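Participant: Next up is a structure, given as structure tokens.
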Amino acid sequence: MISEPMTLATDYLLAAVTAALAVHILRGTEGQYARRLWGLAFFALALGAALGGTYHGFQLEALWKPTVLMVGLASCGMVAGSAFATAHGRLRQALVAFALVKLAAFWLWIWEDDRFIWVVADTGLGFALVALLHALRAKEPGSGAILAGVGLSVVAGLVQASGFDLHRHFNHNDLYHVIQIAAMLAYYRGVRRLADRR
């Protein structure tokens, strides 16, 4: 029996939309590492959403850790992709190295303590860095849409944290997924215009 059918459905919808957008991104990279890394981040998030939906819907505890590990990978890809789009030289190298170290630290920590608060902390740090990088390059193609995506992701996170339920069959997790779909569409609009900074 499915315990949270709407959460399962909205998580799967988020996964399907994000996977489709990932395919479109990776088909149009035109050799740009920024787009490739963001495309991989989209795939990781799609897989995380699919695993998360299955975890919520069928109460499969074994899927929680893989879910949060994929979310961490998505955060890493977003930061690294934005580093290629907004920086070059040693600054880019430092930002990519930071993204990888952040991922390794998150995975090691989450392996022992997989509470959702650590997912919030890791993604929050990732969003802050992505927003900062694109705010500094706000006039560059794609930056505005990516900033809009970060804003929508923050709103989605606040809605989820609030516990606000629209209906007994449409809870805060479901609303979070719907808003996050809008965020992914905004990210997509920006990512398809990104180019590696020379």
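The values are calculated or read from the model by the stated rules, or taken from the named source; none is laboratory data. Keep in mind that what you see is a predicted model, and the values were worked out from it rather than measured. We place every Cβ from the backbone using ideal geometry, glycine too, and count neighbours over all the protein chains shown.
Participant: List the pairs whose first member sits in segment 23-43 and is closer than 18 Å to Ala99 by Cβ, whose second member is of a type in the set (Val, Ile, Thr) and surrounded by fewer than 20 Cβ atoms within 10 Å (Cβ to Cβ), and whose Cβ atoms are under 6 Å apart, counting only residues at least 6 apart or on separate chains?
Facilitator: Here the result reads Arg35/Thr29; Arg36/Thr29, each pair linking segment 23-43 to a residue that is of a type in the set (Val, Ile, Thr) and surrounded by fewer than 20 Cβ atoms within 10 Å (Cβ to Cβ).
Participant: Just one of Ser82, Ser143, Ser162 is at pLDDT 95 or above, among the hydroxyl-bearing types (Ser, Thr, Tyr) and out of contact with any Leu (no Cβ under 8 Å at 6 or more places or on another chain); which is it?
Facilitator: Ser143
Participant: Among all residue pairs at least 6 apart or on different chains, which show Cβ distances below 9 Å where the first residue, located in segment 164-186, is free of Cβ contacts under 8 Å to residues at least 12 places away in the same chain and surrounded by fewer than 20 Cβ atoms within 10 Å (Cβ to Cβ) and the second is among the polar types (S, T, N, Q) and not in a helix (DSSP H, G or I)?
Facilitator: From residues that are free of Cβ contacts under 8 Å to residues at least 12 places away in the same chain and surrounded by fewer than 20 Cβ atoms within 10 Å (Cβ to Cβ), the pairs are Phe164/Asn171; Asp165/Asn171.
Participant: Is it the case, given these coordinates, that Gly77 is among the small types (Gly, Ala, Ser), touching a Pro at 6+ places or on another chain (Cβ under 9 Å), without any contact (Cβ under 8 Å) to a residue 60 or more places away in the chain and surrounded by 16 or more Cβ atoms within 10 Å (Cβ to Cβ)?
Facilitator: Spelling it out, it is not the case that Gly77 is among the small types (Gly, Ala, Ser), touching a Pro at 6+ places or on another chain (Cβ under 9 Å), without any contact (Cβ under 8 Å) to a residue 60 or more places away in the chain and surrounded by 16 or more Cβ atoms within 10 Å (Cβ to Cβ).
Participant: Pick out the one residue from Asp122, Asp114, Asp196 that is among the acidic types (Asp, Glu), within 19 Å of Trp64 (Cα to Cα) and either modelled with pLDDT of 95 or more or in contact with a strand residue (DSSP E or B) (Cβ under 8 Å, 6 or more places away or on another chain) (or both).
Facilitator: Matching residue, one of Asp122, Asp114, Asp196: Asp122.
Participant: Name the one entry in Ala16, Ala62, Ala20 that is surrounded by fewer than 18 Cβ atoms within 10 Å (Cβ to Cβ), without any contact (Cβ under 8 Å) to a residue 24 or more places away in the chain and within 16 Å of the chain's Cα centre (by Cα).
Facilitator: Just one listed residue meets the conditions, Ala20.
Participant: Between Met1, Met6, which is modelled with pLDDT under 95, in a helix (DSSP H, G or I) and of a type in the set (A, V, I, L, M)?
Facilitator: On inspection, the qualifying residue turns out to be Met6.
Participant: Shifting gears a bit: Report yes if some residue within segment 100-122 is hydrophobic (A, V, I, L, M, F, W, C), within 21 Å of Ile25 (Cα to Cα) and either surrounded by 15 or more Cβ atoms within 10 Å (Cβ to Cβ) or within 13 Å of the chain's Cα centre (by Cα) (or both); otherwise report no.
Facilitator: No, segment 100-122 has no match at all.
Participant: Tally time: how many residues in segment 67-122 are farther than 18 Å from Val154 by Cα, touching a Gly at 6+ places or on another chain (Cβ under 7 Å) and not aliphatic (A, V, I, L, M)?
Facilitator: 3
Participant: Part of a helix (DSSP H, G or I), closer than 24 Å to Ile181 by Cβ, touching a residue at least 24 places away in the same chain (Cβ under 8 Å) and touching a helix residue (DSSP H, G or I) at 6+ places or on another chain (Cβ under 9 Å) - does that describe any residue in segment 87-105?
Facilitator: no
Participant: Among Val130, Val154, which is at pLDDT 95 or above, under 16 Å from the mean Cα position of the chain (by Cα), of a type in the set (A, V, I, L, M) and surrounded by 19 or more Cβ atoms within 10 Å (Cβ to Cβ)?
Facilitator: Val130
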